[in-house]
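Input: a single structure, listed below in structure tokens.
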Amino acid sequence: MNKRMEDALNGQINAEMYSSYLYLSMSAYFADKNLNGFANWMRVQAQEELAHAMKFFDFVNERGGRVELKAIEQPQKEWDSVVDAIEETYKHEQLVTSLINNLVNVAIEEKDHATNNFLQWFVSEQVEEEARASELLGELKMIDGKGPAMFMIDRELKTRVFVPITQPGA
Ligand code: FEO
């Protein structure tokens with residue numbers, strides 16, 4: 001793979017690692033508030049992001065590129081409210097979608113069909129990621145992030161489990 005593509009993919013490894021760090025920080029924030037379902041949901045989210053980073057890591061290696069790990073920015077520690085944290089999650093996923101789209105643009109410009117094909121998994125994944133965050137945000141806004149319904153949502157979020165990426169070439 002050419003240098004421009006390699007640099008862009010290394011940048012994405014860092015972005016996915018940062019996403020994992022951000023959601024792990026949110027998990028700690030929720031655990032501190034005794035919202036253990038939300039804490040679990042964010043912990044699983046963090047695991048998924050780490051798996052995304054490793055998928056890029058493996059792909060760069062597989063294509064004969066050179067992985068370069070960059071410093072991971074310190075994530076925020078506090079949020080104004082539960083709704084605020086989930087709102088940031090949704091916005092962050094929209095940002096990640098734009099990063100993936102930019103990578104596809106680079107792959108197309110560089111005529112790197114293999115990377116473009118690899119990235120399509122992430123294009124689909126981002127549709128799911130945005131939908132999941134948006135749905136949760138919608139539910140929370142409906143109840144203004146408080147009241148007995150929060151207990152129900154927290155209990156539901158406790159059931160989320162990490163599912164490793166299993167598709168071929170992962
Ligand atoms: Fe790795 Fe949530 O996108």
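Between 150, 134, 104, the Cα set farthest toward the positive side of the dipole of segment 84-170 (charges on each charged residue's Cβ, about the Cα centre) is that of 150. Over segment 19-75, the hull volume per residue, using the convex hull of the C-alpha atoms, is 50 Å³.
Backbone geometry of segment 107-112 corresponds, through the Karplus equation with coefficients 6.51, -1.76 and 1.60 at θ = phi - 60°, to 3J(HN,Hα) couplings of 4, 5, 4, 8, 6, 9 Hz, x marking Gly and Pro.
Would you list 123, 82 from fewest to most Cβ contacts within 10 Å? So the residues, fewest neighbours to most, are 123, 82.
Only Lys, Arg, Asp and Glu carry charge here, each on its Cβ (+1 for the first two, -1 for the last two); on that basis segment 101-146 has a dipole of about 100 debye about its Cα centre. Only Lys, Arg, Asp and Glu carry charge here, each on its Cβ (+1 for the first two, -1 for the last two); on that basis the chain has a dipole of about 300 debye about its Cα centre.
Under a GNM of the chain (C-alpha, springs under 10 Å), which listed residue has the highest mean-square fluctuation: 30, 122, 151? For the chain, modelled as a Gaussian network with Cα springs under 10 Å, the answer is 151. Express in whole angstrom the spacing between the alpha-carbon centres of segment 84-123 and segment 1-54. What the calculation gives is 15 Å, centre to centre. Taking the inverse of the mean 1/r over every pair of distinct Cα atoms in the chain gives a Kirkwood hydrodynamic radius of 16.9 Å. Taking only Cα atoms and a 10 Å spring cutoff, compute GNM fluctuations for the chain and point out the largest among 131, 85, 51. Comparing 131, 85, 51 in the GNM, the peak value goes to 131. Computed from Cα atoms, the angle from the helix 148-157 axis to the main principal axis of the chain rounds to 30 degrees. Pairs exceeding 20 Å between alpha-carbon atoms, taken from 33/158; 3/111; 33/146; 91/111; 33/70: 91/111; 33/70.
Computed from the coordinates by the stated procedures, all read-outs in this text should not be read as laboratory data. Since we're looking at a predicted model, the values are computed, not measured. Every residue, glycine as well, gets a Cβ built from its backbone with ideal geometry; the counts of neighbours run over all protein chains shown.
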